[in-house]
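Structure, as structure tokens:
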Amino acid sequence: MNTQGVVREMRASWAFIVRNFNLIKRYWKWELVFFVYTIANSITMGFIGKGVEAFSGAELDTSYLILYMLLGSILWGYLSILFEIVAETVAWERWEETIEYTFMAPIKRATHLLSVCGFAILYGILRAGLILLVVSAFFDLDLSKANVLSATGILAVASFSFIGLGMVAAILPLISPEKGVQVVHIFQALLLMFSGVYYEITVLPQWMQNVAKFSPATYALKGMRSAILDGKGFSELWSQIWPLLILGLFLLPAGIYFFQLMEQWAKKRGVLKRSG
Amino acid sequence: MSYALTTENIKKVFKKNKKTIHALKGIDLQIREGEIYGLLGPNGSGKSTFIRIASTLLIPDAGKIEIFGYDVVKKASKVQRLINRVSVEASFFRKLSAIENLLFAAGIHGISKKEALKKIYAISEKVGLDKGRLHDPLEDFSRGMQQKVAIARAFMTEPKLMLLDEPTTGLDPRAKREVQSLILHMKEKMGATILLTTHDMEEAERLCDYVAIIHKGRIIVKGHTEKLKAMIAHKIKNPTFEDVFMEFTGVSFDEAEYEEAESA
């Protein structure tokens with residue numbers, strides 16, 4: 001690609017980011033509603049952590065448990081927003097009937113998808129930070145050991161895999177205008193179940209633990225918990241970083257490839273436009 | 001003679017609920033550069049399917065289609081730089097303003113914001129869009145106004161081939177006349193080649209240099225607007241396009257629309 005081509009792709013990328021920002025600005029009341037919903041979920045998880053001592057009767061490190069559950073909930077909120085924005089790349093545009101105009105624009109699909117994902121990551125991180133800020137008012141959180149820098153580093157490395165998974169999720173509304181978005185939720189639920197969002201994966205049956213090894217969320221959660229709860233530095237988290245790098249290296253190009261493959265399929269079947 | 005669009009035996013079949021619909025049954029067209037080519041047919045005759053294929057949004061099952069010498073399927077990104085489209089639905093992010101929608105469209109076509117703003121203001125004047133309303137959400141615009149923004153969006157990228165898929169359907173008579181004037185302006189001032197699909201006989205007569213009548217996925221007849229009428233002038237005095245359609249298809253346009261609706 002020549003310089004002019006790169007500039008064109010960069011302009012297109014920026015256009016997607018600005019458009020998504022404008023859409024969020026215009027729908028801010030709904031964003032607020034979903035933000036409150038996520039906070040309610042996170043606070044509930046925090047209280048479950050706090051309540052364990054009461055119903056188990058054992059003396060436990062409640063502060064650790066609260067933070068353990070909250071981190072699961074916040075990362076889950078981050079993943080959910082990422083999947084939603086990426087999956088809606090197709091679903092929202094189909095609903096607005098703009099999909100054909102976007103898909104006939106002379107840009108690379110990778111630029112299109114990566115820009116939407118880039119926006120989703122920035123928005124997701126901002127949202128996760130705000131949630132942590134709000135829920136910390138409800139609990140006496142001990143963040144003295146927290147290594148925020150290495151937690152951010154883990155999130156950044158994990159994002160490559162999450163983008164790849166998001167693109168795979170975006171295929172679902174592309175191939176099924178009627179049920180695709182709902183299936184994305186099933187996909188998320190499976191990730192939730194296998195990745196140890198609210199528990200250590202060691203409590204899972206062996207075959208589920210084997211599946212969990214292929215989920216980037218497993219390593220992201222473990223790494224973030226180690227950074228925040230135990231204050232581990234980035235270099236100490238290598239056992240989480242390398243699987244994330246390998247998964248990212250595979251999932252990111254695979255996501256783009258499969259999306260393009262299914263776009264061709266949708267163009268053959270004529271399902272690009274149909275509204276669900 | 002150079003051609004903007006050529007097709008050979010384009011076929012498209014859709015399978016819907018165990019039903020097979022032969023949308024296009026072998027379309028051959030040659031559109032010369034700089035002309036307004038009308039694809040005239042009732043609803044469901046295959047016009048929009050053809051436009052979608054030319055727009056790189058649908059892949060044909062058989063046949064070949066080229067735009068300015070580029071294969072539409074194999075060289076889609078090259079083709080996308082040369083075309084733009086206005087469809088029957090204006091298709092915008094309704095909550096966003098006209099200018100936000102237009103800047104987004106410019107951005108994904110690789111146009112800088114500075115250049116896009118210059119174009120938007122210039123085109124708004126041409127298409128009769130009040131600059132003061134450019135910051136209003138599209139959902140507050142009338143259908144006619146939305147269609148003008150859609151035309152501005154297509155103008156902005158300066159396409160060599162403009163694909164207009166029933167751009168005046170559903171517009172009130174005044175808005176319809178304004179959009180038709182814009183189409184003529186587009187041809188005269190910008191030298192664009194235009195493929196216009198319509199089921200409006202008068203519109204086809206007013207705007208098109210050359211017309212192909214499509215019925216049940218087949219081109220029934222094609223030729224210069226005046227020549228087509230002249231072909232049946234010996235049978236009917238002062239023939240209209242409605243008469244041309246009936247002569248070559250054996251059914252009236254209204255009957256054809258009813259038949260297509262029944263079989264859909």
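The values are calculated or read from the model by the stated rules, or taken from the named source; none is laboratory data. Worth saying up front: this structure is predicted, and the values here are computed from it rather than measured. All Cβ positions, glycine included, derive from the backbone under ideal geometry; neighbour counts span all protein chains shown.
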Residue by residue through segment A:5-28, note down the ones that are touching a Gly at 6+ places or on another chain (Cβ under 8 Å) and of a type in the set (A, V, I, L, M).
-> A:V7, A:A12, A:A15, A:I17, A:V18
Out of A:A110, A:A58, A:A54, A:A105, report the one residue that is surrounded by fewer than 21 Cβ atoms within 10 Å (Cβ to Cβ) and within 14 Å of chain B (Cβ to nearest Cβ).
-> A:A110
Please specify each residue of segment B:84-111 satisfying the condition of being of a type outside the set (D, E, K, R), facing chain A (nearest Cβ under 8 Å), within 22 Å of B:G170 (Cα to Cα) and more than 20 Å from the chain's Cα centre (by Cα).
-> B:F93
Determine which member of the set A:A54, A:A58 is of a type outside the set (F, W, Y) and part of a helix (DSSP H, G or I).
-> A:A54
Kindly check whether there is at least one residue in segment B:57-76 that is over 23 Å from B:I27 (Cα atoms), part of a loop (DSSP other than H, G, I, E, B) and facing chain A (nearest Cβ under 7 Å).
-> no
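Inside segment B:120-158, can you point out the residues that are among the charged types (D, E, K, R) and either more than 14 Å from chain A (Cβ to nearest Cβ) or not in a helix (DSSP H, G or I) (or both)?
Taking segment B:120-158 as the starting set, the residues that turn out to be among the charged types (D, E, K, R) are B:125-126, B:130-131, B:133, B:136, B:139-140, B:143, B:148, B:153, B:158.
Within segment B:120-158, B:E125, B:K126, B:D130, B:K131, B:R133, B:D136, B:K148, B:E158 qualify.
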Filter result (at pLDDT below 90, buried (at least 22 other Cβ atoms within 10 Å of the Cβ) and among the polar types (S, T, N, Q)) within segment B:188-247 | B:T198
Members of segment A:74-109 that are in contact with a helix residue (DSSP H, G or I) (Cβ under 9 Å, 6 or more places away or on another chain) and of a type in the set (D, E) = A:E84, A:E88, A:E93, A:E100
So which residues in segment B:211-248 are outside any strand (DSSP E or B), over 15 Å from B:M201 (Cα atoms) and in contact with a strand residue (DSSP E or B) (Cβ under 6 Å, 6 or more places away or on another chain)?
-> B:G217
Consider A:V116 carefully, then state whether it is in contact (Cβ under 8 Å) with a residue 12 or more places away in the chain, in contact with a Ser or Thr (Cβ under 9 Å, 6 or more places away or on another chain) and within 14 Å of chain B (Cβ to nearest Cβ).
-> yes
Of the residues that make up segment A:88-101, is at least one touching a residue at least 12 places away in the same chain (Cβ under 8 Å), farther than 21 Å from A:F21 by Cβ, within 14 Å of chain B (Cβ to nearest Cβ) and in contact with a Leu (Cβ under 7 Å, 6 or more places away or on another chain)?
-> yes
Taking only segment A:1-43 into account, find how many residues are away from chain B (no Cβ under 14 Å) and either free of Cβ contacts under 8 Å to residues at least 24 places away in the same chain or hydrophobic (A, V, I, L, M, F, W, C) (or both).
-> 9
Can you spot a residue in segment A:268-276 that is assigned to a helix (DSSP H, G or I) and closer than 30 Å to B:S55 by Cα?
-> yes
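Within segment A:199-208, is there a residue that is away from chain B (no Cβ under 14 Å) and closer than 18 Å to A:G166 by Cβ?
Looking only at segment A:199-208, we keep the residues that are away from chain B (no Cβ under 14 Å), and these are A:199-208.
So of that shortlist, the ones also closer than 18 Å to A:G166 by Cβ come out as none.
No, there is no match, as no residue in segment A:199-208 is away from chain B (no Cβ under 14 Å) and closer than 18 Å to A:G166 by Cβ.
Determine which member of the set A:S115, A:S159 is surrounded by 22 or more Cβ atoms within 10 Å (Cβ to Cβ), part of a helix (DSSP H, G or I) and modelled with pLDDT of 90 or more. Spell out how you get there, then give the answer.
Values: A:S159 fails: modelled with pLDDT of 90 or more.
Step by step, each of A:S115, A:S159 is checked, and only A:S115 is surrounded by 22 or more Cβ atoms within 10 Å (Cβ to Cβ), part of a helix (DSSP H, G or I) and modelled with pLDDT of 90 or more.
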Of A:K213, A:K273, the only residue that is basic (K, R) and within 14 Å of chain B (Cβ to nearest Cβ) is A:K273
